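Asks: First the structure, which I've put down as structure tokens, then a few questions once you've had a look.
The values are calculated or read from the model by the stated rules, or taken from the named source; none is laboratory data. Worth saying up front: this structure is predicted, and the values here are computed from it rather than measured. Neighbour counts are summed over all protein chains in view; Cβ atoms, including those assigned to glycine, are modelled from backbone coordinates with ideal geometry.
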Amino acid sequence: MIEDDLRAAFARHEALTPPTGPLRTAIDRTVVRRRRRRLRLRLAGTALAVAAATLTGFTAMVPRQPEAAHPLGESAPPTPSGALNVLLVGVDGNAERQARFADSVLLVHIPADRSRLYLVSLPRYLEVTVPGRGTQHLNAAFSFGAGQPHPDLDRGYRATRDAVADALDVRIDAGGVLTYPAVRKLTDAIGGVQVCLPQRVRSVHTDRVFPPGCQRLDGSASVDLLRQRVDLPDFALDRDRNAERYAAGLLRRLQERDTFTNPVVLNQLLQHLSSGVVADTGDSSLPALGLAAAKAAGAEPVGLLPPGTHGEKPGDVRFRLDPALGPGFLDALRTDRLGEWVTAHPGQVTRLR
């Protein structure tokens, strides 16, 4: 009897039951929105890692704790509107293997108008002041900061950052430590990188010959080229220029693959990067810095070296700024007028292709 009464009650109220179709559709939409939000937050947390890869060709950054994502109801920090200086330190080693010196130090200047990226290679033998160590070559600042035999990449980066900021009197907004081993993985993952060389380069490590002109390099060849400085006309300075050429080629390749606009492609690339690894973001955030870099990366980058020369005496490798051009270059860097300075001194620009 009770069962019959229940059936009758359900039958009387069946007409009042809302249709399930719209309700199911609303639930599905909510699930999709939440999944997309999670994806955006995850990608935002690694945006600067990919941006750095596009700028330098190396991918393993300073290990730090990942930034906490902003709650969905809160607004993210505003995108920085002024000029930015990002310091990228390349080392042929990692935290598990001795990394004695910084092989390359690249200062990436992003102007306030986000018109393009300026890749400024800082010579490894530029004289800087290291606290407690006096006057040293720039490449040694990393070693003193990182310590041995198991280098701390974080401390090595901070020591190099402070030395550069003091020597050039510029603000460093963000940066990271980058290792050679990861470049093999990234380069192969994107199908190689085109590098355009003005002259023939022969590897003193493998006897590999890189002919003049544009050529697509795999990961192994890219690392081989980036390590070369012996027998080059300007030695370490030419190695810095080749690093700029590789960076420009990597940037173009990532743009061809729609890395920044296609979440699927971006996610596939990020699988090749170390998990839980981010850059030093300073007072900004990863998404904000990534957005600024992505805007500036739309134009062909400009590579250049500070005007100067190595010592004239045999064995004197110290790099000294040109007394005539050096002050103007530093002033342009500090006041965000590198575009004007490059136009006035085209001979200082590296030929990227």
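Asks: List, please: which pairs have Cβ atoms under 6 Å, are six or more places apart or on different chains, and start with a residue in the stretch 282-301 that is within 17 Å of Ala248 (Cα to Cα) and of a type in the set (A, V, I, L, M, F, W, C) and end with one that is outside any helix (DSSP H, G or I) and at pLDDT below 80?
Replies: Close Cβ pairs satisfying both conditions: Ala294/Phe260.
Asks: Which numbered condition trips up Leu225, out of (1) modelled with pLDDT of 75 or more; (2) in a helix (DSSP H, G or I); (3) under 17 Å from the mean Cα position of the chain (by Cα); (4) not polar (S, T, N, Q)?
Replies: (3)
Asks: Also, I was wondering about something else. So which pairs qualify, if the first residue must be in the stretch 157-183 and in contact (Cβ under 8 Å) with a residue 12 or more places away in the chain and crowded, with 24+ Cβ neighbours inside 10 Å, the second must be among the aromatic types (Phe, Trp, Tyr) and assigned to a loop (DSSP other than H, G, I, E, B), the Cβ gap must be under 8 Å, and the two must be at least 6 apart or on different chains?
Replies: Sorted first by the residue in the stretch 157-183, then by its partner, the pairs are Leu178/Phe58; Val183/Phe58.
Asks: Same structure again: Mind listing just one residue for me: the one in the stretch 110-156 that is closer than 19 Å to Leu237 by Cβ, touching a residue at least 40 places away in the same chain (Cβ under 8 Å) and part of a strand (DSSP E or B) and, of those, nearest to the chain's Cα centre (by Cα)?
Replies: Step by step, filter the stretch 110-156, then rank; the result is Leu119.
Asks: Scan the stretch 242-255 and tell me whether some residue there is assigned to a helix (DSSP H, G or I), among the polar types (S, T, N, Q), modelled with pLDDT of 90 or more and surrounded by 14 or more Cβ atoms within 10 Å (Cβ to Cβ).
Replies: Within the stretch 242-255, one or more residues are assigned to a helix (DSSP H, G or I), among the polar types (S, T, N, Q), modelled with pLDDT of 90 or more and surrounded by 14 or more Cβ atoms within 10 Å (Cβ to Cβ).
Asks: For residues that are assigned to a loop (DSSP other than H, G, I, E, B) and either hydroxyl-bearing (Ser, Thr, Tyr) or surrounded by 12 or more Cβ atoms within 10 Å (Cβ to Cβ) (or both), scanning just the stretch 187-213, find the one that is nearest to the chain's Cα centre (by Cα).
Replies: Ile190
Asks: Does Tyr157 qualify as being out of contact with any Lys or Arg (no Cβ under 8 Å at 6 or more places or on another chain) and aromatic (Phe, Trp, Tyr)?
Replies: Criteria met by Tyr157.
Asks: Quickly run through the stretch 117-138 and pick out the residues that are closer than 21 Å to Leu338 by Cβ and touching a Phe, Trp or Tyr at 6+ places or on another chain (Cβ under 6 Å).
Replies: Matches in the stretch 117-138: Pro123, Leu126.
Asks: Please go through the stretch 307-343 and give me each residue that is farther than 17 Å from Ala83 by Cα, surrounded by 13 or more Cβ atoms within 10 Å (Cβ to Cβ) and either without any contact (Cβ under 8 Å) to a residue 12 or more places away in the chain or in contact with a Leu (Cβ under 6 Å, 6 or more places away or on another chain) (or both), ordered by number.
Replies: Once the filter is applied, which keeps residues that are farther than 17 Å from Ala83 by Cα, surrounded by 13 or more Cβ atoms within 10 Å (Cβ to Cβ) and either without any contact (Cβ under 8 Å) to a residue 12 or more places away in the chain or in contact with a Leu (Cβ under 6 Å, 6 or more places away or on another chain) (or both), the stretch 307-343 yields Pro307, Gly308, Phe319.
Asks: Please identify the pairs in which a residue from the stretch 234-248 that is under 18 Å from Leu126 (Cα atoms) has its Cβ atom under 9 Å from the Cβ atom of a residue that is among the acidic types (Asp, Glu) and assigned to a helix (DSSP H, G or I), counting only partners at least 6 apart or on another chain.
Replies: As it stands, the answer is Asp234/Asp240, since those pairs meet every condition given.
Asks: How many residues are more than 29 Å from Val349 (Cα to Cα), out of contact with any helix residue (DSSP H, G or I) (no Cβ under 6 Å at 6 or more places or on another chain) and surrounded by fewer than 17 Cβ atoms within 10 Å (Cβ to Cβ) when one looks only at the stretch 120-153?
Replies: 7
Asks: Please go through (1) at pLDDT 55 or above; (2) at positive phi for Leu126 and return the number of the only condition it doesn't satisfy.
Replies: Just one mismatch for Leu126, condition (2).
Asks: Can you run down the residue pairs with Cβ atoms below 6 Å, 6 or more apart or on separate chains, where the first is in the stretch 198-226 and more than 13 Å from Ala243 (Cα to Cα) and of a type in the set (Val, Ile, Thr) and the partner is at pLDDT 95 or above and in a strand (DSSP E or B)?
Replies: Sorted first by the residue in the stretch 198-226, then by its partner, the pairs are Val201/Phe210; Val209/Arg202.
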